[in-house]
Amino acid sequence: MSSNQGKLKPSSSELDLDRPNIEDYLPSGASIQEPHGKLRLSDLLDISPILTEAAGAIVDDSFTRCFKSNSPEPWNWNVYLFPLWCFGVVFRYLILFPARAIVLTIGWIIFLSCFIPVHFLLKGNDALRKKLERVLVELICSFFVASWTGVVKYHGPRPSMRPKQVFVANHTSMIDFIILEQMTAFAVIMQKHPGWVGLLQSTILESVGCIWFNRSEAKDREIVAKKLREHSQGADNNPLLIFPEGTCVNNQYSVMFKKGAFELGCTVCPVAIKYNKIFVDAFWNSRKQSFTMHLLQLMTSWAVVCDVWYLEPQNLRPGETAIEFAERVRDIISVRAGLRKVPWDGYLKYSRPSPKHRERKQQSFAESVLRRLEEK
Amino acid sequence: MGNSSSMLTQYDIEEVQQHCQRLFSQQEIVSLYERFCQLDRNAKGFISADEFLSVPEFAMHPLSQRLLKMVDGLNFKDFVAFLSAFSAKASVQMKIKLIFKVYDSDGNGKVSFNDILEVLRDLSGSFISDNQREQVLTQLLKEAGYSKDSYLTLDDFIKVLGSPGLKMEVEVPVD
């Protein structure tokens, strides 16, 4: 969920608080075999292990892998498959797409013709208005899902509206929100977007309760944390849905969960979402496509198939820190959705790693040199 | 080499293979091309410094700035040629040559005391004082038969580092 600007500035130290030791996960050759013996010139000049690490990162790295679009393999490569595929393309673009666009338009008409009166005329009767708005938002989301022929299978007990609980899910695209919203009207925390999405955010989503954040502002985190806490304590607020990864990941990996959702003093209900790439890859690669293009791509594919699991609610265990709690829930979701865990902060998409990591490597090198100097 | 298409022809692959002295197999070159296209976001034909730094593992590397000078703006052929020093089939001499180039930042074929100090500074940061670094280096140079004013050439490097156990290999993932 981001605009296409890569604001590459050094990351603030606040981002450091979110993750445990990356070095625990990364294969760092230098720490595996500690060199021994008296220090000689060759040891000092031999930077081969360090260069190997750098070259290894150039050739393949686990962070970039998380954001790689993996489109389904083309199957149109021979004499009879190709015309079949062409026929499929024609059908999808000239028949399915217009039909879906019509369905979506009808949905919007129904929605707006109910929502606008309800919103303005029932200003006095808040409880009834909220209830109706909730139902209407669920309705328009169902229309959206129908417009991509969404085949969504929900597993597990439906979320209930109780105070002091938040829902967390892995994030692949903004349609995650729509898919979950059609079942239950969640309140959501989102990056404020420009364009028509922003317009929708400020009008309709406002009614189910939304919290905005701004990724590029450092102080923003405290304000957002406060808003989250206030919302989760309220009894008749819609349950809060949070995507702790903070960015869209390609549904094969999961990046570090930010601890904000886990230190609200609430029960955390994990939700795992797994898309089946059989017809289309639902990963929204925000560096490659705008959200509009992404939606159009979905609307011209055969179907969007996915599974949603509502998993067992978790509480902070005694003696557990928020980061450990976040990691534990990430584990639960990743196992269920078949995602591989990587130790990276999703925000590294937009900013550089903190100098702390480089310093840690420098420190271990320095210590090794000084130690060996003592040896005779 | 087609910049606009991400398809390599057999001719392209062979040209690249020739350029890197056949140190990579054709499959590895195809994988490297995929990686190159992944890093080169707007298909310019080269990877900019910014795009290299968007790989967090590379960005937090102490020698990233030095390496950037060597890889910034390389087209695919030269990118593969650079990485070929890390192939398992590359000779020890080739690897030492790359290490030498990292030290010899001004490219004059000689590595001075200061050149080595600067690399050491990148590697150890503020965790060793400048004085201590100088001391250690002077002592080690003396023990190896050089002085503080010596200029080390590639041959010196080969003499010092040229043990057959020098390992500097990266595996190119091939699907």
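Observations on the structure shown:
- Selection status of A:V188, part of a strand (DSSP E or B), within 12 Å of the chain's Cα centre (by Cα) and buried (at least 18 other Cβ atoms within 10 Å of the Cβ): no
- Taking the range A:104-138 as the range and being surrounded by 15 or more Cβ atoms within 10 Å (Cβ to Cβ) and aliphatic (A, V, I, L, M) as the test, the residues that pass are A:L104, A:V118, A:L122, A:L132, A:L136, A:V137.
- Residue match in the range B:107-118 (condition: at the interface with another protein chain (Cβ under 9 Å from one of its Cβ atoms), assigned to a helix (DSSP H, G or I) and modelled with pLDDT under 90): no
- Check on A:D331, without any contact (Cβ under 8 Å) to a residue 12 or more places away in the chain and over 17 Å from A:D43 (Cβ atoms): yes
- Lone unmet requirement of (1) free of Cβ contacts under 8 Å to residues at least 40 places away in the same chain; (2) under 19 Å from B:L161 (Cβ atoms) for B:I99: (1)
- Qualifying residue in the range B:147-154 (condition: under 16 Å from A:A55 (Cβ atoms), away from chain A (no Cβ under 12 Å) and under 20 Å from the mean Cα position of the chain (by Cα)): no
- Taken over the range B:77-93, residues that are closer than 19 Å to A:P49 by Cβ and in contact (Cβ under 8 Å) with a residue 24 or more places away in the chain amount to 9.
- Selection within the range B:41-62: residues that are surrounded by fewer than 19 Cβ atoms within 10 Å (Cβ to Cβ) and part of a loop (DSSP other than H, G, I, E, B). The member of this set that is farthest from the other protein chains (Cβ to nearest Cβ) is B:G45.
- Residues located in the range B:63-90, provided they are of a type in the set (G, A, S) and either out of contact with any helix residue (DSSP H, G or I) (no Cβ under 9 Å at 6 or more places or on another chain) or at the interface with chain A (Cβ under 9 Å from one of its Cβ atoms) (or both): B:S64, B:A85, B:A88
- Exclusive hit being away from chain B (no Cβ under 14 Å), in contact with a Pro (Cβ under 8 Å, 6 or more places away or on another chain) and within 30 Å of B:E51 (Cβ to Cβ), set A:R358, A:R352, A:R330: A:R330
- No other residue among A:V224, A:V255 is under 12 Å from the mean Cα position of the chain (by Cα), of a type in the set (V, I, T) and closer than 25 Å to A:S351 by Cα apart from A:V255.
- Within the range A:46-59, the residues that satisfy the criterion of being under 15 Å from A:Q362 (Cα atoms) and in a helix (DSSP H, G or I) are A:P49, A:I50, A:L51, A:E53, A:A54.
- Test: residue in the range A:234-248 that is under 25 Å from A:R158 (Cα atoms), charged (D, E, K, R) and in contact with a helix residue (DSSP H, G or I) (Cβ under 8 Å, 6 or more places away or on another chain): yes
The values are calculated or read from the model by the stated rules, or taken from the named source; none is laboratory data. It should be emphasised that the depicted structure is a prediction, and the values quoted were computed from it without experimental measurement. Neighbour counts run over all protein chains shown; Cβ positions are idealised from the backbone, glycine included.
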